[in-house]
There are 2 protein chains.
Amino acid sequence: MTTRRTFIAAAAVGAASTAGAAAPVNSYPKLVHHVFFWLKNPESKEDLAKLLAGLRTLTKIETVRGAHFGVPASTEKRDVVDNSYSASEMLFFDDLAGQKVYQDHPIHKQFVADCSHLWQRVVVYDAIAA
Amino acid sequence: MTTRRTFIAAAAVGAASTAGAAAPVNSYPKLVHHVFFWLKNPESKEDLAKLLAGLRTLTKIETVRGAHFGVPASTEKRDVVDNSYSASEMLFFDDLAGQKVYQDHPIHKQFVADCSHLWQRVVVYDAIAA
């Protein structure tokens, strides 16, 4: 879609202008929405697959500017690291309005209807570039 | 730097190939490292500014592929949303090795030495694309 291509182009321009310097800072869309899910059956690969498949449908929502879906990485175990979750959903939005469109979107509501029986706990962090 | 420009170019190619479809899924570097900080003095704008300035130094580490630094967004208050933190640090790495280089890097250690007196609590989530 044109809007998304425009974003990526803008990010590329930002990167070019900082080439030779440090990695681009805050060249991503301003709002990052990061959700962590704890499955009711954390050992169930089938439930994890269902959840990840459900999460992927969210990228069809027109205000989603980028997505990263994952599972705990096997980085070093430290007291501050929480690797107890089952799945991670990270979405970028341009702004609060974009996140609100997502929150209220039928595709998001369908995801919750289809998948909420799978999880026992959800934690959401919304951060705006600063 | 060449490596970073190469990454951004790859992301742009990925976006172009999915243009007209949904937002790109997992076109970012595979590992997302998301850290949330709770300041000892959450009302201190000066401490927040110091922390954010310290965080920006981390993008000089050569394995950092992208960065988003932020503060809680004023999205809708819901039970699942944790907006109690002071600052958010989101970094992308290509892989576990890249994150390890960052973790042990003198710039990271300097950041901890300079800024750890500012925070009372840190929570880290490392997610690998799935």
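Every number here is computed from the coordinates shown, using simple stated rules; none is lab data. Remember, predicted model here, so these are calculated numbers, not experimental data. Glycine gets a Cβ as well: all are built from the backbone with ideal geometry, and neighbour counts include every protein chain shown.
Structure notes:
- Prolate/oblate/rounded call for the range B:43-91, Cα gyration tensor, a/c under 1.5 rounded: oblate
- Looking at the range A:61-130, the trypsin sites (Lys or Arg not before Pro) that sit in a DSSP loop and have at most 12 other Cβ atoms within 10 Å of their own Cβ are A:K77, A:R78.
- Phi-based couplings in Hz for the range B:115-130 (Karplus 6.51, -1.76, 1.60; Gly and Pro marked x): 10, 5, 5, 7, 10, 9, 7, 9, 10, 10, 10, 10, 10, 10, 3, 9
- Per-residue 3J(HN,Hα) values for the range B:96-105, derived from phi via the Karplus relation 6.51 cos²θ - 1.76 cosθ + 1.60 with θ = phi - 60°, read 4, 4, x, 5, 5, 4, 4, 4, 9, 6 Hz in sequence order (x marks Gly and Pro).
- For the range A:33-130: rounded, prolate or oblate by the Cα gyration tensor [a/c cutoff 1.5]: oblate
- Here the range B:93-114 is scanned for amide nitrogen atoms under 13 Å from the site 7 Å beyond the Cα of B:T57 along Cα-to-Cβ, giving B:105-114.
- Remark: for residue pairs A:K50/B:K100; B:K30/B:K60; A:K45/B:K30; A:K45/B:K109; B:K77/B:K109; B:K40/B:K109, the C-alpha separation exceeds 26 Å in A:K50/B:K100; A:K45/B:K109; B:K77/B:K109.
- The range A:72-130-the range B:28-47 distance, computed between alpha-carbon centres (Å): 17 Å
- Amide N of the range B:49-76 lying under 18 Å from the label point, which is placed 7 angstrom from the Cα of B:V124 along Cα→Cβ: B:52, B:54-70
- Those GluC sites (Glu not before Pro) in the range A:40-75 that DSSP places in a loop and that have at most 11 other beta carbons within 10 Å: A:E43
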